[in-house]
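Every number here is computed from the coordinates shown, using simple stated rules; none is lab data. Nothing here was measured: the structure is a model prediction, and the numbers come from that model. Here Cβ is always computed from backbone atoms with ideal geometry, including for glycine, and neighbour counts include all displayed protein chains.
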Amino acid sequence: MFQKITLILLLLAFVSCKKAETPEKDKIKAADWLIGKWENVSPQGTLTETWSKVNDSTFQGSSFFIKGKDTIHFETIKLQQKGEVLTYNATVKGQNNDEPVAFELTSSTEKRLVFENPKHDYPQKISYTKEANESLVAEISGVQLGKATTEKFVMAKK
């Protein structure tokens, strides 16, 4: 009898631990479609964003804008899930003492991710929308110099 009770308790502990791990990875799993290389070529230059999966709870990204031979903008991004919270951490070279700025996931669907940080100077909101034909729209928005501003970047998968 004692062995049966011990076995049942061990099985319950194992099953409950398994279930506790699953929700932690669900939010970042919904962002799998970001993985890959994305690009926007325009007369102003080339914007490239690249995402890779580090592990089950972390994606690593980089974004850069090149005009001619000059890199105008460069940032590294870490999309990380800790517990129930999915955070977009952006580190922009030459800004914020090269320290990351965190944006929390506030809304998501299978085709859209929205991250916000109302305390950040600009942007306060970053979103990614998966479009048809292997493309996505990255959008940054918020109040800049007292004026509502939105910038959209349509990128194709490479």
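Quick notes
- Members of the stretch 116-158 that are within 20 Å of L34 (Cβ to Cβ) and assigned to a loop (DSSP other than H, G, I, E, B): N117, P123, A132, N133, E134, K158
- Look at the stretch 35-50: where a residue is farther than 14 Å from Y128 by Cβ and a partner is basic (K, R), sitting 6+ places away or on another chain with Cβ atoms under 6 Å, you get K37/K158; E39/K158; G45/K67.
- Within the stretch 89-102, residues that are touching a residue at least 60 places away in the same chain (Cβ under 8 Å) and outside any loop (DSSP other than H, G, I, E, B) have Cβ atoms under 7 Å from residues that are surrounded by 12 or more Cβ atoms within 10 Å (Cβ to Cβ) and hydrophobic (A, V, I, L, M, F, W, C) in no pair, counting only partners at least 6 apart in sequence or on another chain.
- Output for the stretch 105-141, where each listed residue is surrounded by 13 or more Cβ atoms within 10 Å (Cβ to Cβ) and among the acidic types (D, E): E116, D121, E134, E139
- Test: residue in the stretch 53-60 that is surrounded by fewer than 16 Cβ atoms within 10 Å (Cβ to Cβ), of a type in the set (D, E, K, R), over 13 Å from the mean Cα position of the chain (by Cα) and not in a strand (DSSP E or B): yes
So that you can scan it fast, the table gives a plain yes or no per residue for (1) out of contact with any helix residue (DSSP H, G or I) (no Cβ under 7 Å at 6 or more places or on another chain); (2) closer than 25 Å to K29 by Cα; (3) among the small types (G, A, S):
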position: W51; (1), (2), (3): no, yes, no
position: S62; (1), (2), (3): yes, yes, yes
position: K67; (1), (2), (3): yes, no, no
position: I77; (1), (2), (3): yes, yes, no
position: Q80; (1), (2), (3): yes, yes, no
position: V85; (1), (2), (3): yes, yes, no
position: Q95; (1), (2), (3): yes, no, no
position: H120; (1), (2), (3): yes, no, no
position: V154; (1), (2), (3): yes, yes, no
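- Whichever residue in the stretch 136-150 is of a type outside the set (V, I, T) and free of Cβ contacts under 8 Å to residues at least 24 places away in the same chain and, among such residues, is nearest to S62 (Cα to Cα): E139
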